[in-house]
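Quick notes on the structure that follows.
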Amino acid sequence: MKFIHTADIHLGCQPDRGFPWSKERSLDILSAFRSFFTACREEKPDLVLIAGDLFHRQPTLAELKEANSLFLSIPDIPVVLIAGNHDCIRPGSSLAEFSWAPNVTFLSGEELETVSFENLSTVVHGFSYHTREIKESLYNELTAPKDGNFHILLAHGGDETHIPIDKRTFSSSGFSYTALGHIHKPEFSSAGRYGFPGSLSPVDLAETGVHGYLLGELTPDSDVGELTLRFVPLPSRSYIPCQVKVTEKTTNQTLFQTLGKFMEQHGASNIYKVTLNGKRDPDLTFNGDYLRTAGRIISFRDNTVPSYNIEALLKSHQNDLIGDYIASFLPDGHEESLDDPIRRQAFYYGLDALLSNFTGAYIL
């Protein structure tokens, strides 16, 4: 029995609000979901599993109809889905009352429900969120019957306020597979019999790396079956970390060129998290506003420090406030002792301020 498992699509989400490309991001999410159905038609799975948060919030009737039209594009493939914490079911809401396509089973109840597919010898179990938070560990004690069928648990959670889970329990629960949602980075184990596919398209800048779905297969071998799992990437705009090592020769102009080349190599449409490290010319500071114009840069962190000759400064200022300041941070006179990055930055901020207001002569 071949299945595709996805979760955390978050239709209706508009990430990166306040940035020029923000409106495009909601289209990215819709485009990734549409690509998912293309993959379903190509892979021809026996079953599709959606483990919660299909929508980012309570969907409107129009949004439900648009999503449903995509389910109608795979009429011969059964789909089972649950609601997660973002699209939890509200009494009288459009989601609670909606009639899905004939091939879709929505396990909408607050208590555990099941749907059987006799032709696949498969039973899917699950329940939906009816509140934004569930703090009880509702999955850890669930077990599957031994009746010759594949039993799949469709579940959403994994942190303190959204059904805490102990992943070690899944391998002995009797379920052939636990299809999980809520955690937005892929994590899966055939031996552990569980999987998080991660978000189909990133919705937050912390979600770096590739995105896609899990492709699984269950074959008769034991009481629970033999499980194989594979992660399949989908084309998607990505958040990409960009670490730049600067030197005393680095200027705003050379850094702009470096960032431009990096983004050209990794895709101009992707979104970048830039971090600067190293030692810079003490006379220069890096202009984050200017450097952001090199491309789609969502975060800019400058961890650089000025390249001062600390030994020379200590000799030149051994009898004044600057010398006392340096000695208070560096009793041994070596910068390497500043291994705490926050303390290191504080030291250089203070030293910059003292030197900028010093009126005497000193040696750099």
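The values are calculated or read from the model by the stated rules, or taken from the named source; none is laboratory data. Given the structure is predicted, the values throughout are model-derived calculations rather than measurements. Cβ sites come from the backbone with ideal geometry, for glycine too, and all protein chains shown count toward neighbours. Please note that ligands, DNA and RNA were not included when accessible areas were found on the heavy atoms of the full protein model with its side chains. Shrake-Rupley method; radii C 1.70, N 1.55, O 1.52, S 1.80 Å.
Quick check on my filter: what residues within the stretch 73-103 are small (Gly, Ala, Ser) and open to solvent by 40 Å² or more (accessible area, probe 1.4 Å)? Steps first, please.
Going through the stretch 73-103, the residues small (Gly, Ala, Ser) turn out to be 73, 83-84, 92-94, 96, 99, 101.
Correct list: SER73, GLY92, SER94, ALA96, SER99.
Can you tell me which residue is modelled with the highest pLDDT among those in the stretch 336-349 that are surrounded by 16 or more Cβ atoms within 10 Å (Cβ to Cβ) and touching a helix residue (DSSP H, G or I) at 6+ places or on another chain (Cβ under 9 Å)?
In the first step, residues of the stretch 336-349 are kept if they are surrounded by 16 or more Cβ atoms within 10 Å (Cβ to Cβ); the result is 338, 344, 347-348.
Filter once more, keeping what is touching a helix residue (DSSP H, G or I) at 6+ places or on another chain (Cβ under 9 Å): 338, 344, 347.
Numbers: LEU338: 69, ARG344: 76, PHE347: 81.
Of everything passing the filter in the stretch 336-349, PHE347 is modelled with the highest pLDDT.
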**Item:** Test set (1) open to solvent by less than 50 Å² (accessible area, probe 1.4 Å); (2) within 12 Å of VAL305 (Cβ to Cβ) - GLU248 fails condition number
**Value:** (1)
**Prompt:** Tell me, which residue of the stretch 11-49 that is closer than 23 Å to ILE152 by Cα and in a loop (DSSP other than H, G, I, E, B) is least open to solvent (accessible area, probe 1.4 Å)?
**Reply:** PRO45
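Yes/no per residue for (1) part of a loop (DSSP other than H, G, I, E, B); (2) within 28 Å of the chain's Cα centre (by Cα):
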residue: SER222; (1), (2): yes, no
residue: LYS245; (1), (2): no, yes
residue: LYS249; (1), (2): yes, no
residue: PHE262; (1), (2): no, yes
residue: THR275; (1), (2): no, yes
residue: ILE298; (1), (2): no, yes
residue: LEU314; (1), (2): no, no
residue: ILE322; (1), (2): no, no
**Request:** Please go through the stretch 224-238 and pick out each residue that is hydrophobic (A, V, I, L, M, F, W, C) and either more than 18 Å from SER189 (Cα to Cα) or outside any loop (DSSP other than H, G, I, E, B) (or both).
**Result:** LEU227, LEU229, PHE231, VAL232, LEU234
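I'm trying to understand the selection: among the residues of the stretch 213-238, which are closer than 22 Å to TRP21 by Cβ and either small (Gly, Ala, Ser) or out of contact with any Asp or Glu (no Cβ under 6 Å at 6 or more places or on another chain) (or both)?
Residues of the stretch 213-238 closer than 22 Å to TRP21 by Cβ: 233-238.
Scanning the stretch 213-238 gives PRO233, LEU234, PRO235, SER236, SER238.
Kindly evaluate ILE134 against the criterion of being under 17 Å from ILE4 (Cα atoms) and of a type in the set (A, V, I, L, M).
no
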**Asked** Is at least one residue of the stretch 53-72 in a loop (DSSP other than H, G, I, E, B) and buried (at least 22 other Cβ atoms within 10 Å of the Cβ)?
**Response** yes
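Does ALA39 count as modelled with pLDDT of 95 or more, under 23 Å from ASP76 (Cα atoms) and touching a strand residue (DSSP E or B) at 6+ places or on another chain (Cβ under 6 Å)?
no
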**Fill in**
Residue count, the stretch 262-298, condition open to solvent by 30 Å² or more (accessible area, probe 1.4 Å), of a type outside the set (Ser, Thr, Tyr) and more than 17 Å from TYR239 (Cα to Cα), comes to 8
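Of PRO241, PRO282, which residue is out of contact with any Cys (no Cβ under 9 Å at 6 or more places or on another chain) and part of a loop (DSSP other than H, G, I, E, B)?
Details: PRO241 fails: part of a loop (DSSP other than H, G, I, E, B).
None of the other options fit; the residue is PRO282.
Mind telling me which of the residues GLY92, GLY84 ends up being in a loop (DSSP other than H, G, I, E, B) and at pLDDT below 95?
Among GLY92, GLY84, only GLY92 is in a loop (DSSP other than H, G, I, E, B) and at pLDDT below 95.
State yes or no: is ASN319 open to solvent by less than 30 Å² (accessible area, probe 1.4 Å) and at pLDDT below 95?
Working: open to solvent by less than 30 Å² (accessible area, probe 1.4 Å): no; at pLDDT below 95: yes.
Against the criterion (open to solvent by less than 30 Å² (accessible area, probe 1.4 Å) and at pLDDT below 95), ASN319 does not qualify.
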**Every residue from the stretch 104-123 that is open to solvent by 50 Å² or more (accessible area, probe 1.4 Å) and of a type in the set (Val, Ile, Thr)** = THR114
**Message:** Every residue in the stretch 193-212 that is aromatic (Phe, Trp, Tyr) and more than 13 Å from ILE50 (Cα to Cα), please.
**Reply:** TYR194
**Subset tally (residues that are in a loop (DSSP other than H, G, I, E, B) and closer than 21 Å to CYS88 by Cα) for the stretch 112-139** = 13
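Can you report the number of residues in the stretch 150-175 which are open to solvent by 50 Å² or more (accessible area, probe 1.4 Å) and either in contact (Cβ under 8 Å) with a residue 40 or more places away in the chain or not acidic (Asp, Glu) (or both)?
Counting residues in the stretch 150-175 that are open to solvent by 50 Å² or more (accessible area, probe 1.4 Å) and either in contact (Cβ under 8 Å) with a residue 40 or more places away in the chain or not acidic (Asp, Glu) (or both) gives 4.
Consider the stretch 251-260. How many of its residues are under 14 Å from PHE300 (Cβ atoms) and in a loop (DSSP other than H, G, I, E, B)? Steps first, please.
Step one: list which residues in the stretch 251-260 are under 14 Å from PHE300 (Cβ atoms), which gives 252, 255-256, 258-259.
This time we only want the ones that are in a loop (DSSP other than H, G, I, E, B), so: none.
Number of matching residues: 0.
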**Scope the stretch 205-218; condition touching a residue at least 60 places away in the same chain (Cβ under 8 Å), open to solvent by less than 70 Å² (accessible area, probe 1.4 Å) and assigned to a strand (DSSP E or B); matching residues** = THR208, TYR213, LEU214, LEU215, GLY216, LEU218
